[in-house]
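> Below you will find the structure I want to go over with you.
The values are calculated or read from the model by the stated rules, or taken from the named source; none is laboratory data. Keep in mind that what you see is a predicted model, and the values were worked out from it rather than measured. Methodologically, a virtual Cβ is constructed for each residue, glycine included, from the backbone with ideal geometry; neighbour enumeration extends over all protein chains shown.
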Amino acid sequence: MSLTVKPLANIGAEVSGFDINEPVSDELAAELKALWYEHGMLLIRGQAITPENQIAFSRVFGPLEMHPLKVNTSDENPELFVLENGGDKDQYSTAFYKGEKIVGRLDWHIDLHYTAKPNHGAVLTAVTVAAEDGLTGFGDLAKAYDALDDDTKALLEKLEVAYSFSMQRRHMRYVNLEGYEPGPYSPTKPSDIGFPDFPDAVYPAVHTHPISGRKVLGIVEQFLDRVMTPQQFGLSNDEAIELLERLVAHTRKSDFHYFHQWQQGDLVLWDNWRIMHCTTGTKPGIRRVINRTTIEGNTMLGRVLGAEV
Ligand SMILES: [Fe+2]
């Protein structure tokens, strides 16, 4: 089996010549893993996917982990996390954007960012494709880092940033709140929907990818709260806030993004230590189901504030 690799728009790559139902040799596994680290995000189309072969395929990239939030895990396949729009949980993820009701929209984020130990990556497969909307966006924070000017790169080497977990989008400092209103059932605190709470997680403003060695910008809008002790590095609070505003705007540039419009048989895999992602959401009543498997993060990329000994 020989793979063909075609870069997607801006970031990531589409891999063809792969069949999820064929055994994956050690050689092929090494090739897929190398492509994953090279491109950060891979798309494989036209696959006959089942929960079992998705789980087996995902294990090529590392041991799998169960999501700490048990709310959406599948009973038959605990490794599988079912992301569903158009079901009975819609009310909790419905909000208004410029007057329009949208289900399941999520800002740019890194999964488990708030734990200081993000998972290594994830595999998404299309179970039910939304009739409209329902795109998943991917943003390459290694490419975003490379595009920074040298002065900013030098400054970021010294800084740490804190991420503060919260349930209310309007409490997040760096997401775009223009025209946003929570829905009537939007949770106001983690326990409202059975989530645990998390203390702040602190990360280097730029980190070195543990496997590829690439520098990755550690700035992602969701939960981003502040630069740690900016005065120690010659920045006033005002300058630190403006720096984060500038960097968040930088990560929103389309040069670093690929938005995936799902088709039946699609499988998408990303490296969560490098690639942020988002979802555009769907209109109420639109059915969309994505099965997700998660590759374990065995490395602390950040630290939990207050947990140091
Ligand atoms: Fe996510």
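> What tally of residues in the range 104-133 results from selecting those that are within 20 Å of Pro190 (Cβ to Cβ), within 16 Å of the ligand (Cβ to nearest atom) and not polar (S, T, N, Q)?
12
> For the structure I just gave you, tell me whether Phe198 is under 16 Å from the mean Cα position of the chain (by Cα) and surrounded by 17 or more Cβ atoms within 10 Å (Cβ to Cβ).
No, not satisfied.
> Quick one: would you say Phe198 is within 16 Å of the ligand (Cβ to nearest atom), farther than 30 Å from Leu43 by Cβ and among the hydrophobic types (A, V, I, L, M, F, W, C)?
yes
> Is it true that some residue in the range 203-222 is without any contact (Cβ under 8 Å) to a residue 60 or more places away in the chain and at positive phi?
Yes, that holds for at least one residue.
> Does the range 150-158 contain any residue that is among the polar types (S, T, N, Q) and more than 20 Å from Val202 (Cα to Cα)?
The answer is no, given that none of the residues of the range 150-158 is among the polar types (S, T, N, Q) and more than 20 Å from Val202 (Cα to Cα).
> Mind checking whether some residue in the range 24-36 is polar (S, T, N, Q) and at pLDDT below 95?
There is no residue in the range 24-36 that is polar (S, T, N, Q) and at pLDDT below 95.
> Can I ask one more? Only one of Pro210, Pro199, Pro182 is in contact with a strand residue (DSSP E or B) (Cβ under 8 Å, 6 or more places away or on another chain) and closer than 29 Å to Asp271 by Cβ; which? Don't jump to the end; show me each part of the working.
On the way: Pro210 fails: in contact with a strand residue (DSSP E or B) (Cβ under 8 Å, 6 or more places away or on another chain); Pro182 fails: closer than 29 Å to Asp271 by Cβ.
Of Pro210, Pro199, Pro182, the one residue that is in contact with a strand residue (DSSP E or B) (Cβ under 8 Å, 6 or more places away or on another chain) and closer than 29 Å to Asp271 by Cβ is Pro199.
> So Tyr145 passes all but one of these: (1) farther than 27 Å from Phe61 by Cβ; (2) away from the ligand (no atom under 16 Å from the Cβ). Which condition number does it fail?
(1)
> List the pairs whose first member sits in the range 122-133 and is of a type in the set (Asp, Glu), whose second member is away from the ligand (no atom under 15 Å from the Cβ), and whose Cβ atoms are under 6 Å apart, counting only residues at least 6 apart or on separate chains?
Listed pairs, sorted by first residue: Asp133/Thr282.
> Would you mention how many residues in the range 1-20 are under 20 Å from Thr50 (Cβ atoms), assigned to a loop (DSSP other than H, G, I, E, B) and at pLDDT 95 or above?
Selection size over the range 1-20: 3.
> If you scan the range 90-101, which residues turn out to be crowded, with 20+ Cβ neighbours inside 10 Å and not hydroxyl-bearing (Ser, Thr, Tyr)? Quick ask: steps written out before the conclusion?
Within the range 90-101, the subset crowded, with 20+ Cβ neighbours inside 10 Å is 93-95.
The answer is Ala95, and nothing else.
> Could you give every pair whose Cβ atoms fall below 7 Å, whose first residue belongs to the range 93-112 and is touching a residue at least 24 places away in the same chain (Cβ under 8 Å), and whose second residue is among the acidic types (Asp, Glu) and within 16 Å of the ligand (Cβ to nearest atom), counting only separations of at least 6 or pairs across chains?
If the second residue must be among the acidic types (Asp, Glu) and within 16 Å of the ligand (Cβ to nearest atom), the pairs left are Asp107/Glu221; Trp108/Glu221.
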